[in-house]
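Chemist: Before anything else, here's the structure in question.
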Amino acid sequence: MGKLLVNERDIVVPGEEVAEGMDYLPSLGTYRDKETLVSSQFGFVNISGRLVKVIPLSGRYNPRRDDIVIGRVADMTFSNWFVDVDYATEAVLSSKETGEYVQRGTDLSQIYGIGDYIIARVMGVSRQKAIDLSMRGPGLRKITTGRIIKVDSVKVPRIIGKEGSMISLIKEKTGCRIMVGQNGKVWIQGDDLKKERIAVEAINMINEKSFVNGLTEKIKEFLEKELKDVQ
Amino acid sequence: MYNKRLDGRKADELRTIKARVGIVKRADGSAMFQIGKTIALAAVYGPRQLHPKFLQNPKMGLLRCNYNMMSFSGSGERVRPGTSRRSKEISYVTEGALAPVLDLEEYPNTVVDVFIEILQSDSGTRCAGICAASMALADAGLKMKDLVSAVAVGRIDGKLVVDLTKEEEDYDGEVADIAIAITPRTGEITLLQMDGFANKEELAKSFENAKEACKKIWEVQKKALKEKYT
Amino acid sequence: MGSPEKGTKGEIHMNIIKKHVYSLIEKEERLDGRKLEEFRKDISIEYDISPNSAEGSARVKIGETEVIAGIKFDVIKPYPDDPDKGTIIAGVELLPLSSPDFENGPPNIKAVELARAVVDRGLRESQAIDFKSLCIKKEEKAWAILIDVYSINDAGNLADAIGLAALAAVKDAKFPKYDEKKEKIDYEKKGTKKISIKEIPIPITVIKIKDKILVDPLLEEEECADARLTVTTLESGRVCALQKGGNVSLTPEETIKMIDLAIKKGKELRKLLK
């Protein structure tokens, strides 16, 4: 007979037992030790059917194929850019992947210079975590205005919200343009400085309070309260 | 015969413990652990790029610990800044104490840096450092089988005690001072160092004592971690 | 907000972030909404944070920036040209614990500059400490005050936090007992005698970005700074130490403007140390 030892959304630490017996199955953030399921992560419990997960509340970006990320050009050679995407090693963007024809011998810094931010797609991740990027695809481009902030990459789903509900709310209320990279970098641009700052604060709030219930309502209240003084 | 402890504690009683998580905002994970007068701070950075390159392991990430005493952390003379043979050794055994619970297979060629600073010392600094570091690693969102809890146990004259103070370490009699780190769920030993003499039976009993003491420390560590999100 | 990025290195080459800071500064605005001449509101000083080991200690927080300072004493032979005076020895360590930008190893030039320019020069040249009161026996023995400051979290403006923490720790310090017979310090007995302080020299760092000057910079603003000037002032408003940093020159007029601002801000921060 299986028995759960925790509830949905409970916060657990590594080594904490979450279920007994063979009825429950380990998933992300949990492992089996004989008859016991144990957490391998500091995070909150998510139970779906027989699967028991622990969703982390912090941690570095772990790149996956097809992630859209915001990266910073850190270095370049004759044919490649090296891009910092907040992973331990730099990602590689080949000059063949800019989405436009680059003639041989072109000075690559004319396209993306060191220090430029780009919105790119993760084309592939090798076993050794070598990351290849591509600029082919809609919306992939160099960023030239606005500001960039950093959130925990594990909180990105919360910032985007169900079917983009959270981020749409912030965009709509503040009138800012916002783009959330899977790696936790967020680009924000608003015409009004105060509104832009309120958008930044809202995103930081979600980052800090991602585990709170009814967060969308709280963010809505926050935005309405703050924006009242601005208009 | 050492019957009554110098600070009046029971033989199996720990000093007062305080712990807090998230004390260094810029770190990926961080924690403070205080036991009695000993205060340890720990911060974790990584997984991040590892230099020099020849240290990189294409199969898994590397754990690197750095233990340091602040210059004013001792009750006597100023501690000279910089690496000493002592701090090097403690850094090394701290790595050994934490590595068994840490899973860095997902992060080949990278390093996880752990920095431990002792702000105030009254014995048991390496154990306090390990307690703080294991909380900081969890706070950094790294995959771990378990936390690590650590304590010094030992024998003063004929009496077995836990969590020795500096005064007890320096007691004028036969003292065995054993630093132990334990994975609290399974009770496995990840750090073991002893100064002094003890026989087999005394050691077996001391391990039991350490296991019990570490369970109590574990409760404090768990509570501190969870408090970050309540 | 302007809060630094967790875990990731400070980005030296960050074109759009610089562009953003510049465009804000032009309108006399800042990333976190402060005015150019405004310090972060949450500044705190906590004394005696290492009560059982240090002879004096303090923690200073400015926003998310945090440093701690501690005092130890030593007994030295006075310098021949100052036979009746003690001295101070200051150290600053930018701990790798406090920022991904700081590396392990001996203090780098940034830490050395902070120790010399912010801590040592401020306290020494201001005559803040009565160095004669540190003399135990003329030509033979005098106290050396050993001040060590450590960064715990770098979220911008470590310099001012370090200066304040060093002062607060000196204020907090109590001499240990000196055993004349054994000719050594008896740390077992905690003393009550405090260091005689005549002046409180407050260091304020003013930075210049384009043609604007501001105080208490965030990390992003520090990255954009063309020049920086640390001005240490006394209660009377007199300046007792200056240190210019950065690779851009300043006109005398600009410099005076920066000094003016530092005097004004020094008065504000002075209240915190009372």
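Chemist: Taking every DSSP beta bridge that has both residues in the protein assembly as shown, what percent is antiparallel when rounded to the nearest 5?
Modeler: If we restrict to bridges inside the protein assembly as shown, about 90 percent are antiparallel.
Chemist: Excluding same-chain pairs closer than 8 in sequence, count the lysine pairs in the range B:1-141 whose Cα atoms lie under 27 Å apart.
Modeler: Close lysine pairs found across the range B:1-141: 11.
Chemist: Efficiency by 1/(1 + (r/R0)^6): what FRET value for C:Asp226 and B:Lys223, r their Cβ-Cβ distance, R0 = 51 Å, to the nearest 0.05?
Modeler: According to the calculation, E is roughly 0.60.
Chemist: Between A:Ser79 and C:Ile109, what FRET efficiency follows from the Cβ-Cβ distance if R0 is 51 Å, with the result rounded to 0.05?
Modeler: 0.90
Chemist: Output the peptides C:29-40, C:140-151, B:198-209, A:101-112 sorted from most to least packed, where packing is the average of other Cβ atoms within 10 Å over each peptide's residues.
Modeler: With the highest mean Cβ count within 10 Å placed first, the list reads C:140-151, C:29-40, B:198-209, A:101-112.
Chemist: Next up: Enumerate the aspartates and glutamates that C:Lys271 could reach by cross-link, defined here as Cα to Cα under 20 Å, with residues fewer than 8 away along the same chain left out.
Modeler: In chain and number order, the partners are C:Glu37, C:Glu38, C:Asp42, C:Glu46, C:Asp48, C:Glu66, C:Asp160, C:Asp172, C:Glu199, C:Asp216, C:Glu235, C:Asp260.
Chemist: Take the cross-link list B:Lys226/C:Lys41; C:Lys41/C:Lys264; C:Lys110/C:Lys274 and give me the ones stretching past 19 Å between alpha-carbons.
Modeler: B:Lys226/C:Lys41; C:Lys110/C:Lys274
Chemist: Same structure again: For C:Glu26, what accessible area in Å² do you get when you roll a 1.4 Å probe over the heavy atoms of the protein chains, rounding to the nearest 10?
Modeler: 130 Å²
Chemist: GNM, chain C, Cα, under 10 Å: largest mean-square fluctuation among C:Lys182, C:Lys171, C:Lys137?
Modeler: C:Lys182
Chemist: Ok, one more. Rounded, prolate or oblate: which one fits the range B:17-227, using the alpha carbon gyration tensor with axes a ≥ b ≥ c (rounded when a/c is under 1.5, else prolate when a/b beats b/c, else oblate)?
Modeler: Prolate, because a/c is 1.5 or more and a/b exceeds b/c.
Chemist: Another one. Check C:Asp101: other-chain or 5+ apart residues with amide H under 5 Å from its amide H, H built from backbone geometry?
Modeler: Placed amide hydrogens put C:Gly10 under 5 Å from C:Asp101.
Chemist: Give the Rg/Rh ratio for chain C, taking Rg as the radius of gyration of the Cα atoms and Rh as the Kirkwood radius, to two decimals.
Modeler: That ratio equals 1.00.
Chemist: So, one more: Looking only at other chains, what is the average number of their beta-carbon atoms within 10 angstrom of each beta-carbon in B:32-44?
Modeler: That works out to 2 on average.
Chemist: Quick check: the angle from helix C:158-172's long axis to the longest principal axis of chain C, C-alpha only, nearest 10 degrees?
Modeler: Its long axis makes an angle of about 30 degrees.
Chemist: If you don't mind, another one. Calculate, for A:Ser94 and B:Glu77, the FRET efficiency according to 1/(1 + (r/R0)^6) with r their C-beta to C-beta distance and R0 45 Å; round to the nearest 0.05.
Modeler: 0.15
Chemist: Leaving out same-chain residues fewer than 8 places away, which lysines sit with a Cα under 19 Å from that of A:Lys3?
Modeler: Within the straight-line limit of under 19 Å, A:Lys3 reaches these lysines: A:Lys34, A:Lys53.
Chemist: Show me the ranking of peptides B:162-169, C:75-82 by mean Cβ neighbours inside 10 Å, starting with the highest.
Modeler: B:162-169, C:75-82
Chemist: Quick check on the protein assembly as shown: take the gyration tensor over C-alpha atoms, sort the square-rooted eigenvalues as a ≥ b ≥ c, and tell me if it's rounded (a/c under 1.5), prolate or oblate.
Modeler: oblate
Chemist: Could you tell me which of rounded, prolate or oblate describes the range B:26-65, using a ≥ b ≥ c as the square roots of the eigenvalues of the alpha-carbon gyration tensor, with rounded for a/c under 1.5 and, failing that, prolate when a/b is larger than b/c and oblate otherwise?
Modeler: Because a/c hits 1.5 or more and a/b exceeds b/c, the range B:26-65 counts as prolate.
Chemist: Extending each Cα 7 Å along its Cβ direction at B:Leu55 and A:Met205, get the distance between those two points in nm, one decimal.
Modeler: According to this spin-label approximation, the distance is 4.3 nm.
Chemist: From Cα pairs below 8 angstrom and at least 6 apart in sequence, can you work out the relative contact order of the range B:17-227, rounded to a whole percent?
Modeler: The value is 22 percent.
Chemist: With label points built 7 Å along Cα→Cβ from the Cα atoms of C:Lys77 and C:Ser133, find their separation and express it in nm.
Modeler: 2.8 nm
Chemist: Where does helix C:15-26 land angle-wise versus the long Cα axis of chain C, in degrees 0 to 90, nearest 10?
Modeler: For helix C:15-26, the angle is close to 90 degrees.
Chemist: Is there a simple number for the mean count of other chain Cβ atoms within 10 Å of the Cβ of residues in A:85-94, and what is it?
Modeler: Mean partner shielding for this stretch: 3.
Chemist: Okay, next question. With respect to the cross-link table entries C:Lys27/C:Lys61; C:Lys141/C:Lys184; A:Lys195/C:Lys208, which display a Cα-Cα separation exceeding 19 Å?
Modeler: Exceeds cut-off: C:Lys27/C:Lys61; A:Lys195/C:Lys208.
Chemist: What are the residues whose amide H is under 5 Å from the amide H of A:Ile143, where those residues sit 5 or more places off or on another chain and H is modelled from the backbone?
Modeler: The list, which skips near neighbours in sequence, is A:Tyr117, A:Ile118, A:Ile119.
Chemist: So, in nm, how far is label A:Glu8 from label A:Glu172 when the simple model puts each one 7 Å beyond its Cα toward the Cβ?
Modeler: 2.6 nm
Chemist: Find the Rg to Rh ratio for the range A:147-228, where Rh is the Kirkwood radius over alpha-carbon pairs and Rg uses the same atoms.
Modeler: 0.92
Chemist: Shifting gears a bit: Quick one: compute the contact order of chain A, relative version, from alpha carbon pairs under 8 angstrom and 6+ residues apart, as a percent.
Modeler: 14 percent
Chemist: May I ask you to evaluate 6.51 cos²θ - 1.76 cosθ + 1.60, the Karplus curve with θ = phi - 60°, for each residue of the range B:104-120 and list the ³J(HN,Hα) values in order in whole Hz, giving x for glycine and proline?
Modeler: Values, residue by residue: 10, 5, 6, 10, x, 6, 10, 10, 10, 9, 10, 10, 10, 10, 9, 8, 8 Hz.
Chemist: Another question about this same structure. Please report Rg over Rh for the range A:3-56, where both radii come from the alpha carbon positions and Rh follows the Kirkwood definition.
Modeler: 0.89
Chemist: Is there a simple number for the mean count of other chain Cβ atoms within 10 Å of the Cβ of residues in B:88-100, and what is it?
Modeler: Mean inter-chain Cβ contacts per residue within 10 Å come to 0.
Chemist: Among C:Lys77/C:Lys137; A:Lys185/B:Lys223; A:Lys194/C:Lys35, which pairs are too far apart, with a Cα-Cα distance over 20 Å?
Modeler: A:Lys185/B:Lys223
Chemist: On to the next question. If the chain between C:Glu253 and C:Ser196 were fully stretched, how many nm would it gain, using 0.36 nm times the residue separation less the Cα-Cα distance?
Modeler: Result: 16.8 nm gained on full extension.
The values are calculated or read from the model by the stated rules, or taken from the named source; none is laboratory data. Just so you know, these numbers come straight off a predicted model, no measurement behind them. Don't worry about glycine lacking a Cβ; one is built from the backbone with ideal geometry, like all the others, and counts go over all protein chains shown. Heads up: the accessible areas ignore ligands, DNA and RNA and are worked out on the full protein's heavy atoms, side chains in. Shrake-Rupley method; radii C 1.70, N 1.55, O 1.52, S 1.80 Å.
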